[in-house]
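Written below as structure tokens is the structure these notes are about.
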Amino acid sequence: MKHSTIALLIGALFASGAAQAEKTRIEFWTMSMKPRFEAYFQNIEKTYEAQNPNVDIVWTDLPWDVIRAKFTAAVAAGQPPALANLNVQWAYDYAQTGAIVPIDALLGADRGVYMPGALADVTWGGKTYAFPWYNSADVMAVNGALFKKAGLDPKQPIANLSAQLKVAKTIRQKAGVAGLAPRLGRVESIFLGEGLPVLENGKAVFNSPRHVALLREFANAYKAGALLKDNLFAEDNFQVSIAAYNGGRLAMLETTPPAIGRVRDDAKDIYAQTVMLPVPPGATGVVKGGWLMDFVVPRGVDAKLLPEVGKFARFLTNDANQLAFSKDTGGTYPSTRKAALDPYFQQLPADAGPLEQARAIGAKNLTNVRTLAILGIDDPAPLTKRLREETEAAVTGRKDAKAALDAAVAFWNAQLKK
């Protein structure tokens, strides 16, 4: 009896081990999610495995400054994860080298679940290369008291950038403060937002008459004192801009909804008179502030695993999970249609303040949000630095806008040839 019992136990253990070995293993990588979102991803694992007992989900989180090198090495070694979390720029670079594969077939009928702008962010050459995940969107806070002092209606949405610059001039003339703090240190993103190309066929093209005319609009606003001069041409002028807004020295602040919490916490009097508006859309309807994160499928994933990989990727980025993640972060947006319409974003309490209003405005704009970034340049730093320098020279009046952009384009194209 003892021998037969032992034999049965050994057999059961072998059978259990065999069943475990037969499970489909799906490893997915995220970027800088631990420890803040550990519970969220552990729940993702548990839920999916409970619904799919034949699957073993393995979550690996890597720091943002490590994941790219690890990903490149894993693909080169033929041992990639099934899915990896990247941003749009990195995904584009890997798509060009064939390190990630198109996922159109894995999206299938679920393509319609995602926002068209999010899909466009990760679609190149007619092929989609990533499952859209979380996103962001800009909103605009306006100082209602300063608007009224300038004879303007703070609740009236502003149609476009040209109208916004005119409003900024009026505020300067009648209220005595700067109206706007544009991100001129990243003027290439402003060009893209206005539907003006930066690169075409591998060449810089941002010296067209339309580019020049736009830069001259900024120069005229600068001359009128309508632009906040603090760090105006820095690569990132957010800190000085929000400080100026909180101090009553800036009438319009373009930022993401979570930043409005800083106005509430640091400048209660300004917060009390703040009115939230959508950011003026670009000429093509694009809304600024997008920074899409996504999941890609690397080259080298076993073709037999792809159907299950696609199923898990769709689960990971579905409406319910994207909404839960947005609630967990308190500041990101989903890239799926249904989640963006959830009451969490859209149903405001009667006493909703600017922060809650900002969240709802951003969600309503998600259809048109795009990631406005230059793609396909190995080292953009020297290029964007030169463009910043020429932009500053043009806007401050030290150089004609056409001459400044011609010089920047010549520098870019000389560098791009190397």
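Within region 37-56, is even one residue out of contact with any Ser or Thr (no Cβ under 6 Å at 6 or more places or on another chain), of a type in the set (A, V, I, L, M) and within 14 Å of V296 (Cβ to Cβ)?
Within region 37-56, not a single residue is out of contact with any Ser or Thr (no Cβ under 6 Å at 6 or more places or on another chain), of a type in the set (A, V, I, L, M) and within 14 Å of V296 (Cβ to Cβ).
Please indicate, with yes or no, whether at least one residue in region 85-105 is modelled with pLDDT under 95 and not assigned by TED's automatic domain parsing to the domain that holds A168. Show your work before the answer.
Pass one, region 85-105, residues modelled with pLDDT under 95: none.
No; the residues of region 85-105 include none that is modelled with pLDDT under 95 and not assigned by TED's automatic domain parsing to the domain that holds A168.
Any residue in region 341-352 that is crowded, with 16+ Cβ neighbours inside 10 Å, touching a strand residue (DSSP E or B) at 6+ places or on another chain (Cβ under 7 Å) and not assigned by TED's automatic domain parsing to the domain that holds N201?
There is no residue in region 341-352 that is crowded, with 16+ Cβ neighbours inside 10 Å, touching a strand residue (DSSP E or B) at 6+ places or on another chain (Cβ under 7 Å) and not assigned by TED's automatic domain parsing to the domain that holds N201.
Consider T60 carefully, then state whether it is surrounded by 17 or more Cβ atoms within 10 Å (Cβ to Cβ), in contact with a Pro (Cβ under 8 Å, 6 or more places away or on another chain) and polar (S, T, N, Q).
Numbers: surrounded by 17 or more Cβ atoms within 10 Å (Cβ to Cβ): no; in contact with a Pro (Cβ under 8 Å, 6 or more places away or on another chain): yes; polar (S, T, N, Q): yes.
Considered against the rule, which asks whether it is surrounded by 17 or more Cβ atoms within 10 Å (Cβ to Cβ), in contact with a Pro (Cβ under 8 Å, 6 or more places away or on another chain) and polar (S, T, N, Q), T60 comes out as no.
Which ones in region 52-77 are farther than 12 Å from T30 by Cβ, acidic (D, E) and under 28 Å from the mean Cα position of the chain (by Cα)?
D65
Considering region 393-415 alone, what residues qualify as being in contact (Cβ under 8 Å) with a residue 40 or more places away in the chain and over 26 Å from the mean Cα position of the chain (by Cα)?
The answer is A394, V395, T396, G397, A401, K402, A404, L405, D406, A408, V409, N413.
Determine, yes or no, whether L146 is buried (at least 20 other Cβ atoms within 10 Å of the Cβ), hydrophobic (A, V, I, L, M, F, W, C) and either under 26 Å from P116 (Cα atoms) or at pLDDT below 95 (or both).
Values: buried (at least 20 other Cβ atoms within 10 Å of the Cβ): yes; hydrophobic (A, V, I, L, M, F, W, C): yes; either under 26 Å from P116 (Cα atoms) or at pLDDT below 95 (or both): no.
No.
Within region 1-38, count every residue that is surrounded by 10 or more Cβ atoms within 10 Å (Cβ to Cβ), farther than 27 Å from K304 by Cβ and modelled with pLDDT of 95 or more.
Number of matching residues: 7.
Just one of (1) assigned by TED's automatic domain parsing to the domain that holds I103; (2) of a type outside the set (D, E); (3) in contact (Cβ under 8 Å) with a residue 24 or more places away in the chain trips up A320, so point out which.
(3)
Scan region 100-132 for residues that are free of Cβ contacts under 8 Å to residues at least 40 places away in the same chain and closer than 17 Å to L305 by Cα and report the count.
Number of matching residues: 2.
Just give me the residues in region 272-328 being outside any helix (DSSP H, G or I) and hydroxyl-bearing (S, T, Y), in sequence order.
Answer for region 272-328, where residues must be outside any helix (DSSP H, G or I) and hydroxyl-bearing (S, T, Y): T274, T284, T317.
Got at least one residue in region 378-390 being touching a Lys or Arg at 6+ places or on another chain (Cβ under 6 Å) and crowded, with 16+ Cβ neighbours inside 10 Å?
no
Only one of (1) in contact with a Pro (Cβ under 8 Å, 6 or more places away or on another chain); (2) buried (at least 19 other Cβ atoms within 10 Å of the Cβ) is not met by A219, so which one is it?
Failed condition: (1).
Within region 40-50, is there a residue that is at pLDDT 95 or above and touching a Lys or Arg at 6+ places or on another chain (Cβ under 8 Å)?
Among the residues of region 40-50, not one is at pLDDT 95 or above and touching a Lys or Arg at 6+ places or on another chain (Cβ under 8 Å), which makes the answer no.
Mind counting the residues in region 231-255 that are surrounded by fewer than 21 Cβ atoms within 10 Å (Cβ to Cβ), in a helix (DSSP H, G or I), aliphatic (A, V, I, L, M) and touching a helix residue (DSSP H, G or I) at 6+ places or on another chain (Cβ under 9 Å)?
1
Search region 198-230 for residues being part of a loop (DSSP other than H, G, I, E, B) and without any contact (Cβ under 8 Å) to a residue 40 or more places away in the chain, and hand back the single one that is farthest from A401 (Cα to Cα).
Per the criteria, the residue is N201.
Do you know which of the residues in region 298-331 that are of a type in the set (S, T, Y) and buried (at least 22 other Cβ atoms within 10 Å of the Cβ) is nearest to A74 (Cα to Cα)?
Across region 298-331, the extreme among qualifying residues is T317.
Test M293 against the stated conditions and say whether it is in contact (Cβ under 8 Å) with a residue 12 or more places away in the chain, under 29 Å from P80 (Cβ atoms), crowded, with 19+ Cβ neighbours inside 10 Å and within 21 Å of the chain's Cα centre (by Cα).
When the stated conditions are applied, M293 passes them.
Per-residue answers, yes or no, for (1) of a type in the set (A, V, I, L, M); (2) outside any loop (DSSP other than H, G, I, E, B); (3) crowded, with 17+ Cβ neighbours inside 10 Å:
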position: K338; (1), (2), (3): no, yes, no
position: A358; (1), (2), (3): yes, yes, yes
position: T367; (1), (2), (3): no, yes, no
position: R370; (1), (2), (3): no, yes, yes
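The values are calculated or read from the model by the stated rules, or taken from the named source; none is laboratory data. Note that this is a predicted model, so its numbers are computed, not measured. In this analysis, Cβ positions are derived from the backbone assuming ideal geometry, glycine residues included, and neighbour counts consider all displayed protein chains.
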